[in-house]
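The values are calculated or read from the model by the stated rules, or taken from the named source; none is laboratory data. Here the structure is a predicted model, which is why all the values come from computation and not from measurement. Cβ placement follows ideal geometry from the backbone for every residue including glycine, while neighbour counts extend to all protein chains displayed. The area values use the complete protein model at the heavy-atom level, side chains included, leaving out ligands, DNA and RNA. Shrake-Rupley method; radii C 1.70, N 1.55, O 1.52, S 1.80 Å.
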Amino acid sequence: MLLSLSNVTKSYETPEGPVEVLKGVDLLVSEGQSVALTGESGSGKSTLLHLASGLDRPESGVILVNGRDLTGLDEAGRALYRKNEVGLIFQQFNLIPSLNVEANIAFHAKLAGRHDVAWQSELVAQLGLGQLLNRYPEQLSGGQQQRVAIARTLAARPALVLADEPTGNLDEATGDAVLDLMLSLSRNAGSALLLVTHSMRLADKLDRKVLLRGGKIAA
Ligand SMILES: Nc1ncnc2c1ncn2[C@@H]1O[C@H](COP(=O)(O)OP(=O)(O)O)[C@@H](O)[C@H]1O
Ligand SMILES: [Mg+2]
């Protein structure tokens, strides 16, 4: 098993008191598998992705990646995990403003020691980024930034890609096309994919879909 969450809980402190968002989540993702994580707004999908990415820690429960317990790692260990094993595509894209598109795409792959010129060229071609390589993130539309973020993540061939509504601010036709591409490219890269979406239509394209409801995986 690539990713395994067992009985994971997470609450947040709010002015109204603690809010229990995840109440015992169990979820398995195997190598190379694509899983759609669905659920109503506020159900805790982004929270779950943050925990699986090592950006945040659960209160209790176990998160294993390749058999290693993420919750037992310190901040440096979790940073290494993000560098080497996991790729994140969040809604804010997190492109590096001072680097052009080409350097943004190469950045993580180089950091992880897995920069592959041929694979990067294929990603650039497939995602239609060839004309944009010398631009800076601020010179791109939202949809273009999104495609750069996808290329940047897949360039490093992470074992696991965590994507939070990556096509959420694209129109339906463009979103579908980008998701199809993302699926085929992540299969090419051998990456497993845990993708948050509230579109059942998009979720149906993945190997499996799960529903987060009432703080647990309902189906
Ligand atoms: N940093 C935070 N502090 C307090 N509450 C938060 C924080 N992040 C998320 N929440 C709350 O946790 C719940 C789940 O949020 P989130 O994981 O973003 O849901 P989703 O991604 O499914 O829309 C929401 O009620 C949200 O208001
Ligand atoms: Mg969210």
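Would you be so kind as to identify which of GLY214, ALA177, VAL161 lies farthest towards the positive end of the dipole of region 156-219, taking Lys and Arg as +1 and Asp and Glu as -1 on Cβ and the Cα centre as origin? The residue sitting farthest along the positive end of the dipole is GLY214.
Just so you know, the Rg over Rh for region 18-64 is 0.94, from Cα atoms, with Rh as the Kirkwood radius. Net charge dipole, region 126-219: roughly 340 debye, given to the nearest 20, about the Cα centre with Cβ charges of +1 for Lys and Arg and -1 for Asp and Glu. From its DSSP helices (H runs of at least four residues, each -39,500 (n - 2.57)), the chain gives a residue-normalised ellipticity at 222 nm of -10500 deg cm²/dmol. For region 117-169, the Cβ-based charge dipole about the Cα centre amounts to some 140 debye (Lys, Arg positive; Asp, Glu negative; other atoms uncharged). Highest mean first, the peptides 154-167, 131-144 sorted by other C-beta atoms within 10 Å per residue fall in the order 154-167, 131-144. Solvent-accessible surface of region 107-167, taken per residue with a 1.4 Å probe and all protein chains present: 42 Å². Gain on full extension, evaluated as 0.36 nm per residue between LYS23 and ASN7 minus their Cα-Cα distance, stands at 5.0 nm. Note on ASP204 and GLU40: the extension gain reaches 57.4 nm, defined as 0.36 nm multiplied by sequence separation minus the Cα-Cα distance.
For the chain, the equivalent ellipsoid built from the Cα gyration tensor has semi-axes of 28, 19, 17 Å, listed from largest to smallest.
Starting from the Cα gyration tensor of region 101-193, take the square roots of the eigenvalues, sort them a ≥ b ≥ c, and report rounded, prolate or oblate (rounded when a/c is under 1.5, otherwise prolate if a/b is larger than b/c, else oblate). Because a/c hits 1.5 or more and a/b fails to exceed b/c, region 101-193 counts as oblate. Computed about the Cα centre, the dipole magnitude for the chain is approximately 380 debye when only Lys and Arg (+1) and Asp and Glu (-1) carry charge, each at its Cβ. Placing a label point 7 Å from the Cα of ASN66 along the Cα-to-Cβ direction, the residues of region 11-47 with a backbone N closer than 20 Å are 28-35.
Close lysine pairs were tallied over the chain: pairs 8 or more places apart or on different chains with Cα atoms under 12 Å apart number 6.
Here the chain exposes an accessible surface that is 50 percent carbon and sulfur, computed with a 1.4 Å probe and the other protein chains kept in place.
Look at the Cα gyration tensor of region 29-98: its axes a ≥ b ≥ c give a/c under 1.5, and that counts as rounded.
When the convex hull of its Cα atoms is viewed from all sides, region 149-219 shows a mean projected area of 5.0 nm².
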